[in-house]
Amino acid sequence: MPPLPRAASRGGHPRLPILVAALAAAVTVLALAWLGLPAVLGRLPLRLPVESLPAPALDLLQRLQPEPRWDALPQGPVLAGARRRGVLVVGVREYARPAPPGASNPPGPDDFDAGLARFLGERLRVPVKLVGLDADGRAHGAGAPAPDLVIAGARPGAAGEPRVASPYAGGSGRLIALRGSPYRRAGDLARRPVCVAQGSPYAQELASRYHAAPVVYASAIRAVAAFMAGECQALAEDKLALARLAGLPEWRFYRVLDQDLDGDGGAQIGLRQPDPDSAAYLDRAVRYWVGGGGLARAREQRAGDLAYQAGELQSGLVCHA
């Protein structure tokens, strides 16, 4: 009797899933290039799953996204006025960084806010003047010019304030707490203090959905220092930042909770006056920045900076001001 044919293995060809995934990725890239990536991104949510892509993939994503003709887009009074003056004035968060013992650092602009502001200025082809704002939205120093735009994390949004439609920040957050604590999920922190940085996209979600009590600090490193000093039961931060912090030797006593925070998506750019054309221009620029991997790069840079500052703070090389 001739031998029976061997049954196909349940798993199929071992390389088939890899080939199928590669083919699907190639088809997706070609389709996006053929359809025009800006048009596709205009119909998709901004919170695209790019946070885990490696740098080469982000570079490819940027190259696939054709640069819009910024000069051809309508500009309303806010942006047109900035071009006439030859400078775009942007309000950003500002605070002092940790300094060596016995020294102090003057307040400086938040790097994330400043990077986005300069990106917008490059699209508009004008230099940017940064105006530092405190936690209440007041400019540091007398005689500071009124901002054309405010990176909205720099101050509480007033009701009815004109805003750009698309949020400029995104990405999942997490909570970290002391090992051995009873906290396993966000809901366990009801009525408990949680340290957050000014402009955190997770504060509103923690308060309204989980009934926690966010305690706002002027910067992420101050929130980190306050958490380590025991002022809060947990720290809420970008999951990329917490992954870096959790890898530091001093953080072996803490545990990242196994639950994502979505954030409120409310980090929008504020305009000094109602201006639909300028808002539409900035909305296009924000989408280009996010869709091309700019947000992912900014988050990675911020996570690295925060981990570096936290390491110096813990080792005593700098003091928290």
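Take residues that are surrounded by 15 or more Cβ atoms within 10 Å (Cβ to Cβ) and touching a residue at least 24 places away in the same chain (Cβ under 8 Å) and tell me which of the strands (runs of 3 or more DSSP E) falling wholly in the range 171-235 contain 2 or more.
Of the strands (runs of 3 or more DSSP E) lying wholly inside the range 171-235, those with at least 2 residues that are surrounded by 15 or more Cβ atoms within 10 Å (Cβ to Cβ) and touching a residue at least 24 places away in the same chain (Cβ under 8 Å) span 173-178, 193-197.
Restricting the search to the range 188-243, which residues are among the basic types (Lys, Arg), within 16 Å of LEU257 (Cα to Cα) and touching a Cys at 6+ places or on another chain (Cβ under 9 Å)?
ARG192
For the range 69-107, give me each residue that is modelled with pLDDT of 90 or more and among the small types (Gly, Ala, Ser).
Answer for the range 69-107, where residues must be modelled with pLDDT of 90 or more and among the small types (Gly, Ala, Ser): ALA72, GLY76, ALA80, GLY81, ALA82, GLY86, GLY91.
Condition check: within 11 Å of the chain's Cα centre (by Cα), of a type in the set (Gly, Ala, Ser) and within 30 Å of ALA226 (Cα to Cα). Does ALA307 satisfy that?
In short, no.
For ALA197, are the conditions met, namely being under 20 Å from the mean Cα position of the chain (by Cα) and either outside the structural domain of LEU116 (by TED's automatic domain parsing) or farther than 30 Å from LEU120 by Cα (or both)?
yes
What number of residues within the range 150-167 satisfy the criterion of being modelled with pLDDT of 65 or more and more than 18 Å from the chain's Cα centre (by Cα)?
Residues that pass the stated criteria total 2.
Among the residues that make up the range 249-266, is at least one of them touching a residue at least 40 places away in the same chain (Cβ under 8 Å), assigned to a loop (DSSP other than H, G, I, E, B), touching a helix residue (DSSP H, G or I) at 6+ places or on another chain (Cβ under 9 Å) and closer than 16 Å to ALA310 by Cα?
Within the range 249-266 (the criterion being touching a residue at least 40 places away in the same chain (Cβ under 8 Å), assigned to a loop (DSSP other than H, G, I, E, B), touching a helix residue (DSSP H, G or I) at 6+ places or on another chain (Cβ under 9 Å) and closer than 16 Å to ALA310 by Cα), the answer is no, since none of the residues qualifies.
Taking the range 242-265 as the region of interest, how many residues are at pLDDT below 90, within 20 Å of the chain's Cα centre (by Cα) and loosely packed, with under 15 Cβ neighbours inside 10 Å?
Number of matching residues: 1.
Out of the residues in the range 280-291 meeting the condition of being in contact with a Leu (Cβ under 6 Å, 6 or more places away or on another chain) and of a type outside the set (Val, Ile, Thr), tell me which one is surrounded by the fewest Cβ atoms within 10 Å (Cβ to Cβ).
Applying the filter and picking the extreme gives ARG287.
Within the range 67-96, how many residues are assigned to a loop (DSSP other than H, G, I, E, B) and surrounded by fewer than 18 Cβ atoms within 10 Å (Cβ to Cβ)? Explain how you work it out, then say what you get.
Within the range 67-96, the subset assigned to a loop (DSSP other than H, G, I, E, B) is 67-69, 73-76, 86-87, 96.
Keeping just the survivors that are surrounded by fewer than 18 Cβ atoms within 10 Å (Cβ to Cβ) gives 67-69, 73-74, 86-87, 96.
Selection size over the range 67-96: 8.
Quick one: would you say GLY291 is on the phi < 0 side of the Ramachandran plot and under 20 Å from the mean Cα position of the chain (by Cα)?
Numbers: on the phi < 0 side of the Ramachandran plot: yes; under 20 Å from the mean Cα position of the chain (by Cα): yes.
Criteria met by GLY291.
The values are calculated or read from the model by the stated rules, or taken from the named source; none is laboratory data. These numbers come from a predicted model, not from an experiment. Note that each Cβ is placed from the backbone with ideal geometry, even for glycine, and that neighbours are counted across all protein chains shown.
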